[in-house]
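The values are calculated or read from the model by the stated rules, or taken from the named source; none is laboratory data. From a predicted model like this one, the values you see are computed outputs, not experimental measurements. Methodologically, a virtual Cβ is constructed for each residue, glycine included, from the backbone with ideal geometry; neighbour enumeration extends over all protein chains shown. Surface accessibility is based on the protein's heavy atoms, side chains included, excluding ligands, DNA and RNA. Shrake-Rupley method; radii C 1.70, N 1.55, O 1.52, S 1.80 Å.
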Amino acid sequence: MSVHEAECPVIIVGGGASGLSAAGALSKLGIRSTILDQDDHIGGSWERRYECLKLHTIRRFSGLAYYPIQRNRPRYLSKDEYAEYLREYAETLGLDVALGERVNSLQKIHKSASGMTWELVTNAGKRRSRIVIVATGHYSEANIPTWEGIEEYSGEFIHSSQYTNGAEYKGRKILVIGLGNSGAEIAADLSRHGAASVSVSVRTSPPIVYRTMFKILPVQVFGIALTPLGMPRVIDGIGALLRRISIGDLTAYGLDKPAWGPFTSKRPAVIDAGFVEQLKQGRIQVQKNILSFDETGVVYADGSREAVDVIVAATGFKTGLDKLLKVADVIDDKGQPIFRSGRPTSAPGLYFVGFDETVRGHLYEINRESRRQAVEDEDYLKRDK
């Protein structure tokens, strides 16, 4: 296998929003980078997501480093519109993106003759560089739990990453497992498209908020404005009051009270995209956590049973970093980086971008992280000469 000594000092693994923004911020400082992406075109992962998906964050705070989304775009971009923006971003900033190049492993090596200290094994050979930025994100691998009896189930079973449109499930009985953003949106989409029934199995009830509070203020602005104040418990208490005023008490519809607060837990609430309306109309039924499956359906934790035609597992994703990184002590047992995005790690020259979660919006954080990352890289390259 041939070794390609990188012509640029930085290699970025992943060509989604995180990787592109990292490269864009570096280019602003005159630092060249190469992005390696396994897809055959920029924005492909966005285009493959379910059809009804729109950003939960507003146009102003969803752009990448040093090139905002143009004002002729809608306030909340669709997935395809955002994919188009990513392509425009890469073209406008002249970024070097190697498409169709999948990184299989990443490891530290002794410095080569050209000073490169990181080696990446890809489907196209080997690459070496002085800095590697891992920007593969949270959604690399579908996370499908192991349930008792699931192998006996004879109906259709898909992960949320395989879901496209509710029209093909019209007239069928559906179970959605999980009430994160994907689970809530898919359940609402199925209901709107005429599914015979839609049930949602909920293990832990999340806080649910409207995308625009009281039809005036985007909820993201609320998060951006209040995060610097500290006092997360106090802010979560105010947020709970505002939810009761705007959305109402959802315990009457089968949902338990939220088990966590967004500011205290530093994770975004579920942004409503039609779920609450369908729930209040009785078109979505909330069920308990899964106990087991049989040939035709599911048994819930409370002992009740339901026959369903289709199961959609909206059970999240894994990062896949445990398979990619041949580096000790940089990720936890869940595969998440133990270092903040855009900050140095215990392995000099290795960085992460796009893994931090907050209530301010993932794309908003990516913009900030990549700018911070570029400054860190500039400093590291000066010190590492």
Within the bounds of the stretch 58-66, is there any residue that is touching a Ser or Thr at 6+ places or on another chain (Cβ under 8 Å), outside any loop (DSSP other than H, G, I, E, B) and at pLDDT 95 or above?
yes
All but one of (1) at positive phi; (2) surrounded by 22 or more Cβ atoms within 10 Å (Cβ to Cβ); (3) of a type outside the set (Gly, Ala, Ser) hold for residue 276; state the number of the condition that does not hold.
(1)
Restricting attention to the stretch 4-30, the residues that are in contact (Cβ under 8 Å) with a residue 24 or more places away in the chain, open to solvent by 20 Å² or more (accessible area, probe 1.4 Å) and part of a loop (DSSP other than H, G, I, E, B) number exactly 4
How many residues are within 25 Å of the chain's Cα centre (by Cα) and either assigned to a loop (DSSP other than H, G, I, E, B) or closer than 19 Å to residue 298 by Cβ (or both) when one looks only at the stretch 165-180?
8
Return a yes/no flag: does the stretch 301-319 have any residue that is closer than 27 Å to residue 10 by Cα and in a loop (DSSP other than H, G, I, E, B).
yes
Going by what's in this entry, would residue 48 be described as more than 16 Å from residue 18 (Cβ to Cβ), open to solvent by 40 Å² or more (accessible area, probe 1.4 Å) and among the basic types (Lys, Arg)?
yes
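Condition check ((1) in a helix (DSSP H, G or I); (2) touching a Leu at 6+ places or on another chain (Cβ under 9 Å); (3) over 26 Å from residue 67 (Cβ atoms); (4) not aliphatic (A, V, I, L, M)) across all residues:
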site: 328; (1), (2), (3), (4): no, no, yes, no
site: 334; (1), (2), (3), (4): no, no, yes, yes
site: 351; (1), (2), (3), (4): no, no, no, yes
site: 356; (1), (2), (3), (4): no, no, no, yes
site: 360; (1), (2), (3), (4): no, no, no, yes
site: 363; (1), (2), (3), (4): yes, yes, no, no
site: 367; (1), (2), (3), (4): yes, yes, no, yes
site: 371; (1), (2), (3), (4): yes, no, no, yes
site: 382; (1), (2), (3), (4): yes, no, no, yes
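Does residue 179 count as open to solvent by 10 Å² or more (accessible area, probe 1.4 Å), among the hydrophobic types (A, V, I, L, M, F, W, C) and within 23 Å of residue 145 (Cα to Cα)?
Values: open to solvent by 10 Å² or more (accessible area, probe 1.4 Å): yes; among the hydrophobic types (A, V, I, L, M, F, W, C): yes; within 23 Å of residue 145 (Cα to Cα): yes.
Yes, satisfied.
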Within the stretch 128-139, residues being surrounded by 18 or more Cβ atoms within 10 Å (Cβ to Cβ) and of a type in the set (Ser, Thr, Tyr) number 2
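Right, residue 187: in contact with a strand residue (DSSP E or B) (Cβ under 6 Å, 6 or more places away or on another chain), among the hydrophobic types (A, V, I, L, M, F, W, C) and either touching a residue at least 40 places away in the same chain (Cβ under 8 Å) or assigned to a strand (DSSP E or B) (or both) or not?
On the way: in contact with a strand residue (DSSP E or B) (Cβ under 6 Å, 6 or more places away or on another chain): yes; among the hydrophobic types (A, V, I, L, M, F, W, C): yes; either touching a residue at least 40 places away in the same chain (Cβ under 8 Å) or assigned to a strand (DSSP E or B) (or both): yes.
So residue 187 passes the test.
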Give the stretch 202-252 a look and list any residue that's open to solvent by 70 Å² or more (accessible area, probe 1.4 Å) and in a helix (DSSP H, G or I), or say none.
228, 229, 233, 234, 238, 241, 244, 245, 252
Within the stretch 253-264, considering residues that are assigned to a helix (DSSP H, G or I) and open to solvent by less than 50 Å² (accessible area, probe 1.4 Å), the one nearest to residue 199 (Cα to Cα):
262
